[in-house]
Amino acid sequence: MSTPHEATASSGPTAVEYIQHHLTNLSVGEGFWTFHIDTFFFGVVLAGLIIWAAKAVGNHLNPDKPTGLQNLLEVILEFVEKQVKEAFVGYNPLIGPLALTLFVWIFLMNTMDLIPVDLLPLMASWVGVNYLKVVPTTNLDTTFGLAACVFALIVYFNIKIKGLWGFIKMFLFHPFAAHNIFLKLLLIPVNILMTTIEELAKPISMALRLFGNMFAGELIFLLIALLPWWIQWVPGGMWAVFHILVISLQAFIFMLLTIVYLSIAHQTLDEEH
């Protein structure tokens with residue numbers, strides 16, 4: 001099969017066709033009901049890898065002679081635990097495991113971007129799979145799914161801590177408060193609009209930030225792949241080294257924002273003001 005930069009001299013794909021092909025998911029269904037098989041597959045496989053690693057370490061836990069995997073997980077656990085202690089006000093046994101799961105899972109999904117862009121799609125083509133997009137976080141379904149789960153927890157803990165009426169009051173009298181009863185009633189429509197925008201901006205910004213950074217990184221790898229093979233190694237290697245920082249940072253930001261937003265949800269209205 002010819003390489004993309006040779007397309008003008010052969011029947012191979014053009015640069016645009018090459019990029020479009022790599023950005024197309026293996027899917028079934030149409031429109032809203034489209035199911036991205038590759039995104040789900042790699043997400044589940046990486047989640048299974050986390051479960052396997054946790055079980056393997058848990059079954060052979062040795063404080064005196066820890067294995068390399070145990071040391072790695074302990075370092076990650078201590079790092080996440082530190083972030084939770086610094087950013088979360090109060091105590092909730094769910095926050096630590098949730099933050100750890102999000103950080104490790106998102107990091108692993110992001111790391112798929114470091115696999116050479118043609119390797120897995122080429123291997124898939126050998127068994128008749130024509131499309132394969134291997135980085136789950138370059139799909140809005142993944143990032144919005146993660147953000148939606150966090151948003152559901154934010155709403156749940158807002159209602160649990162503040163009560164249903166307290167949650168409603170947050171929309172009626174926040175962010176603009178007034179002591180005058182007439183002015184307070186007058187500001188209700190503005191407060192509802194502003195608070196709704198503020199709350200919806202949390203999951204939307206989390207999802208779009210993760211998706212945008214990872215999609216841009218993948219696109220740069222595809223553009224580098226369009227170069228002749230003997231030129232690709234230098235820019236590809238340099239971008240891969242830099243992209244490791246992006247991969248880690250995006251996982252960290254998503255985790256940290258989750259901790260912060262859930263911490264805010266645990267505050268009463270008096271504490272917020």
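The values are calculated or read from the model by the stated rules, or taken from the named source; none is laboratory data. Remember, it's a predicted structure, so these values are computed and weren't measured experimentally. Reconstructed Cβ throughout: ideal geometry from the backbone, glycine too, with neighbour counts over all protein chains shown.
Please verify whether residue 77 is farther than 30 Å from residue 224 by Cβ, over 14 Å from the mean Cα position of the chain (by Cα) and either among the acidic types (Asp, Glu) or in a helix (DSSP H, G or I) (or both), treating the condition exactly as stated.
yes
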- Item | Total residues in the stretch 138-166, condition buried (at least 17 other Cβ atoms within 10 Å of the Cβ) and over 19 Å from the mean Cα position of the chain (by Cα) | 4
- Task: Output the residue which, of all residues in the stretch 222-273 that are among the polar types (S, T, N, Q) and within 30 Å of residue 164 (Cβ to Cβ), is surrounded by the most Cβ atoms within 10 Å (Cβ to Cβ).
- Result: 258
- Residues (more than 22 Å from residue 264 (Cβ to Cβ) and not in a helix (DSSP H, G or I)) located in the stretch 159-195: 178, 179, 180
- Selection from the stretch 222-245 of residues that are in contact with a helix residue (DSSP H, G or I) (Cβ under 7 Å, 6 or more places away or on another chain), under 16 Å from residue 115 (Cβ atoms) and in contact (Cβ under 8 Å) with a residue 40 or more places away in the chain: 222, 225, 240, 243
- Query: When you look at residue 57, is it in a helix (DSSP H, G or I), out of contact with any helix residue (DSSP H, G or I) (no Cβ under 9 Å at 6 or more places or on another chain) and not hydroxyl-bearing (Ser, Thr, Tyr), yes or no?
  - Reply: no
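Here are some residues: 3, 24, 14, 8. Which one is exposed (fewer than 11 other Cβ atoms within 10 Å of the Cβ), closer than 25 Å to residue 222 by Cα and either at pLDDT 90 or above or hydroxyl-bearing (Ser, Thr, Tyr) (or both)?
Within the list 3, 24, 14, 8, the selection yields 8.
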- Message: Filter the stretch 39-53 down to the residues that are under 14 Å from residue 143 (Cβ atoms) and small (Gly, Ala, Ser) and list them by number.
- Response: 43
- Query: Does residue 103 satisfy being under 30 Å from residue 19 (Cβ atoms), of a type in the set (Phe, Trp, Tyr) and either surrounded by 18 or more Cβ atoms within 10 Å (Cβ to Cβ) or in contact with a Pro (Cβ under 7 Å, 6 or more places away or on another chain) (or both)?
  - Reply: no
- Message: Whether any residue in the stretch 187-202 is in contact with a Phe, Trp or Tyr (Cβ under 9 Å, 6 or more places away or on another chain), within 26 Å of residue 110 (Cβ to Cβ) and surrounded by fewer than 18 Cβ atoms within 10 Å (Cβ to Cβ) is what I want to check.
- Response: yes
- Taking the stretch 60-74, which residues are among the charged types (D, E, K, R) and either touching a residue at least 60 places away in the same chain (Cβ under 8 Å) or in a helix (DSSP H, G or I) (or both)? 74
- Within the stretch 60-75, considering residues that are closer than 19 Å to residue 102 by Cβ and either in contact with a helix residue (DSSP H, G or I) (Cβ under 8 Å, 6 or more places away or on another chain) or acidic (Asp, Glu) (or both), the one surrounded by the fewest Cβ atoms within 10 Å (Cβ to Cβ): 74
